[in-house]
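Colleague: Starting off with a structure, shown below.
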Amino acid sequence: MSLHPRRGSLRTQWPTVLWLTAVWVLLWGDISLGNVVNGALLGVLVTAGLRMTPIDLHGRVRPGALAVLVGRFLVDLVRASFEVSLVALRPRHTPRGAVVCVQLRSHSDLYLTLTAELVSLVPGSLVVEAHRLTGRLYIHVLDVETSGGVEVARRSVLEQEERVLRALASDEELVRAGLAAGRGRSRAEVTR
């Protein structure tokens with residue numbers, strides 16, 4: 001018996017099993033029958049044995065917005081890596097870090113988690129705490145001066161959340177978050 005009625009059977013979990021099998025094969029670095037079988041068995045064991053909270057995706061994947069999300073993430077990754085290396089190599093410079101509170105627009109666990117992960121993967125920023133009920137992220141910024149200040153760091157997180165929402169959220173979720181559905185600009189920018 002499952003704690004979550006929707007988790008029911010392997011029939012509903014086959015995408016997760018396939019994903020876990022692919023990750024297993026990639027980790028071993030060899031596509032062989034043994035690795036595929038072991039990955040599939042491990043995927044079945046994980047999905048059947050671990051009780052995970054279901055996450056609902058009410059939106060839809062928008063390929064164009066998803067490409068923008070991934071592309072911008074890669075640009076941010078390269079830029080931030082360069083900036084962090086400059087901070088590390090600067091003689092006699094003590095970075096001035098800060099913890100910045102960012103109130104996200106969406107209250108979905110999925111979008112909060114995706115935004116937090118993408119922000120943490122960029123060098124120079126790290127999610128220290130995430131409040132699920134309030135939709136707040138507390139971000140540690142390595143060097144506030146290099147990143148442009150507290151407001152720039154806050155705006156960067158909100159822009160990341162907007163890209164996540166535009167890539168995955170439904171039109172209704174975009175409107176609730178204060179973003180004009182189908183537009184590249186937020187409602188506040190449209191009214192200006």
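Colleague: Quick one: what Rg and Dmax do you get for the range 115-162 from the alpha carbons, in Å?
Modeller: 10.2, 32
Colleague: When the helices in the chain are scored as -39500 (n - 2.57) per DSSP H run of 4 or longer and the sum is shared across all residues, what 222 nm value do you end up with, to the nearest 500 deg cm²/dmol?
Modeller: The per-residue figure over the chain is -18500 deg cm²/dmol.
Colleague: Using only Cα atoms and rounding to the nearest 10 degrees, what angle (0 to 90) does helix 150-168 make with the longest principal axis of the chain?
Modeller: The angle comes out at about 30 degrees.
Colleague: What number, in percent, do you get for the relative contact order of the chain if the mean sequence gap of Cα pairs under 8 Å and at least 6 apart is divided by its residue count? If you can, show how the numbers build up before the last one.
Modeller: Working: 234 pairs, mean separation 40.1, N = 192.
Answer for the chain is 21 percent.
Colleague: Once neighbouring chains are kept in place and the probe is 1.4 Å, which whole percent of the accessible area of the range 83-169 is contributed by carbon and sulfur?
Modeller: After summing per-atom areas, the C and S share lands at 58 percent.
Colleague: Label points 7 Å out from Cα along the Cβ direction at D30 and V128: separation in nm?
Modeller: 4.6
Colleague: Then there's this: Rounding to the nearest 10 and keeping the result within 0 to 90°, find how far the Cα-based axis of helix 33-49 lies from the longest principal axis of the chain.
Modeller: Here the helix axis deviates by roughly 80 degrees.
Colleague: What's the long-distance tail for the range 36-104, i.e. % of Cα pairs beyond 19 Å?
Modeller: The calculated P(r) of the range 36-104 puts 71 percent of pairs beyond 19 Å.
Colleague: Going by alpha carbons, how many degrees (0 to 90, nearest 10) lie between the helix axis of 109-121 and the longest principal axis of the chain?
Modeller: 60
Colleague: Using θ = phi - 60° and the Karplus relation 6.51 cos²θ - 1.76 cosθ + 1.60, list the HN-Hα couplings for the range 101-107 in order, rounded to whole Hz, with x at every Gly or Pro.
Modeller: 8, 10, 8, 6, 7, 9, 10
Colleague: I would also like to ask the following. Taking 0.36 nm per intervening residue step and subtracting the Cα-Cα distance, what contour gain separates V46 from V61 on full extension?
Modeller: 2.8 nm
Colleague: Mind listing the phi-derived Karplus ³J(HN,Hα) values for the range 87-93, rounded to whole Hz, using 6.51, -1.76 and 1.60 with θ = phi - 60°, and x for any glycine or proline?
Modeller: In residue order, the calculated couplings are 5, 5, 8, 6, x, 6, 10 Hz.
The values are calculated or read from the model by the stated rules, or taken from the named source; none is laboratory data. Keep in mind the model is a prediction, meaning the values are calculated, not measured. Glycine gets a Cβ as well: all are built from the backbone with ideal geometry, and neighbour counts include every protein chain shown. Heavy atoms of the whole protein, side chains included, go into the accessibility calculation; ligands, DNA and RNA do not. Shrake-Rupley method; radii C 1.70, N 1.55, O 1.52, S 1.80 Å.
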